[in-house]
1. Taking amide H atoms as placed 1.01 Å from N in the peptide plane, list the residues 5 or more away in sequence, or in a different chain, whose amide H sits under 5 Å from that of ILE139.
2. Let me know the shape class of region 32-103, please: from the alpha-carbon gyration tensor, a ≥ b ≥ c as square roots of the eigenvalues, rounded when a/c is under 1.5, otherwise prolate if a/b is greater than b/c, or oblate.
3. If you keep only loop residues by DSSP, which trypsin sites (Lys or Arg not before Pro) in region 342-387 have at most 16 other Cβ atoms within 10 Å of their Cβ?
4. Apply the Karplus curve 6.51 cos²θ - 1.76 cosθ + 1.60, θ = phi - 60°, to the phi angles in region 139-148 and return the couplings in whole Hz, x for Gly and Pro.
5. Please compute the volume of the convex hull spanned by the alpha-carbon atoms of region 125-216 and report it per residue in Å³.
6. Would you mind computing, in nm to one decimal, how far apart the modelled labels at LEU309 and THR464 are, each placed 7 Å from Cα along Cα→Cβ?
7. Among MET194, SER165, GLN237, whose Cα sits farthest toward the positive end of the charge dipole of region 160-242 (+1 at Cβ of Lys/Arg, -1 at Cβ of Asp/Glu, about the Cα centre)?
8. For region 33-179, rounded, prolate or oblate, judged on the Cα gyration tensor with a ≥ b ≥ c (square roots of eigenvalues), a/c < 1.5 rounded, else prolate if a/b > b/c?
Amino acid sequence: MKRFRRAGWTALSAAALLIALISGCSLKRPPGLEALRKEALPHAAIPVHWTAGSGVEGAVPADWVATFGDDLLNRLVEEALTYNADLRAGAARVEQAAGYVKAAGGELYPAVSVIGKGSRGLGEGTGINFISAFASWEIDVWGRVRAGRAAAEEQFASEEADYASARQSIAALVARSWFLAVEGLLQERTARQMLESSERLLQLTKTKREVGAAGDQDVALARAETGSLRDSLLKLQQANAQSRRALEVLVGRYPSGEIELAEALARITGPVPAGLPSELLERRPDLFAAERRVSSAFFLAQQAKAAMLPQFSLTASLGLISSDVFSKRSDFSNPTGGIGGSLLAPIFRGGALRAQVQIRNAEQRAAIMQYAAMVLRAFEEVENALNAERTLREREEVLAQVVKDYERVVEIAETQYKVGKTDLLSVLQQRLRLYSAQSTRLSVQGERLVQRVNLYLALGGGWTKTEPKALSTGETGAPSEGASSSLKQEASVTAPGRP
């Protein structure tokens, strides 16, 4: 028994020494945002202000969908954030990443197991029964396990940020699809008006041919133009039906093509607070996710390097034995157990461990380059959206005047027709020009709304790292069933607690 105690004290002393060593082997931290930017973008000089337009200072409102003042659109976005299948899959990936954090963190704690067994021989008094508990604990001297845990935490943070980005993308996709669908409905009405005028023009041309004022060529030309307009209307109707069904799928409905649309396009009010280019890196959840993937790769590289070093473990056991045979021995003690330690040092693995370090280092470099590519694309998206904002606003102003002028032309032509100074043919031709100008203006208005959505999305959609979790969440940070779907409610980037 004394030997047992002496061995126990020796093992405990060794454990204390190893734990002291751990405190001196803290994990290296991944590069900060500024250091990462310099390494990822050594050739890209980020300007102080946006080159395509400065916009106004401030952050994009989290409820940017509401800025369009369209209640039907607001309800559709909420519906999509609740029922969209891609988003629900993203929530499942967040839960999966949270599970990986717990699994990786479990290695930091002792593993305890129990085994029991009972048997009886043919002879009397030969049975044996025992129950024993075993515990083992790897002393994480070099930080291998902690690096794995840290990598899983960073991956979890990236998945939550990706989920937040997916929510923004779905909201933007619903908004763009909505505006295009409403524009399509209005274009269809304009096309029908153009077709009606063309049919009247065709009938008038036929009448003029009967009295010798027009020839067969004039009738054929009028008929061809009418057929072309009818074909355009049919194509518009088909496209509009498809856009309605696509919108229904986005919000999780059956694609029946019966979704209710607004009677007019939303109005754009005021400029978007674009802020500064240097602020974009912390505004967009997809960039934050890429940053966290770089950190995860950094810790995985540390884990691979630590795997080349010796591993230290403590073991302990305690058991009870019930046996007539053992109980008769003078040296038998019950309970029985012991404490020990082990060292596992890799000697030869055929270069596998070094290759794993090489792989992890390459993955880290790849993550940095992927981050660089995403940052440059993000800057490009903002610059393009700002440029489109300005250009489309100017185009709409020009086309508004064009439509106004054509309306005046039609008004004059109708007045002249009433007093006999012109014929109906001239009036109908001017109406066709007016409808064509109105159609072009509708296209620009719809495109301007789409580009406004693109700008909101490119600027991060109002997401912030420190935004509180307003969704109804479970332990893993993924939304639970019945969670609210307001666009302002984003998943947080806080890893779950340690198990």
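What follows draws every value from the coordinates through simple rules; no lab data is involved. All figures in this text were calculated on a predicted structure; none of them were measured in a lab. Note: ideal-geometry Cβ built from the backbone for every residue, glycine included; neighbour counts use all protein chains shown.
1. Excluding prolines and chain starts, which carry no amide H, the hits are PHE312, SER313, LEU314.
2. Numbers: a/c = 3.41, a/b = 1.15, b/c = 2.95.
Note, shape of region 32-103 comes out oblate.
3. Numbers: sites: ARG349, ARG354, ARG360, ARG365, ARG377; in loops: ARG349.
For trypsin sites (Lys or Arg not before Pro) across region 342-387 that sit outside H, G, I, E and B with at most 16 neighbouring Cβ atoms in 10 Å, the list reads ARG349.
4. 7, 7, 4, 9, x, 4, 5, 5, 5, x
5. Numbers: hull volume 29.5 nm³, N = 92.
Per residue, the Cα convex hull of region 125-216 comes to 321 Å³.
6. Result for the modelled spin labels: 4.0 nm.
7. Of the options given, the answer is MET194.
8. Working: a/c = 5.88, a/b = 2.11, b/c = 2.78.
Oblate, since a/c reaches 1.5 and b/c is not below a/b.
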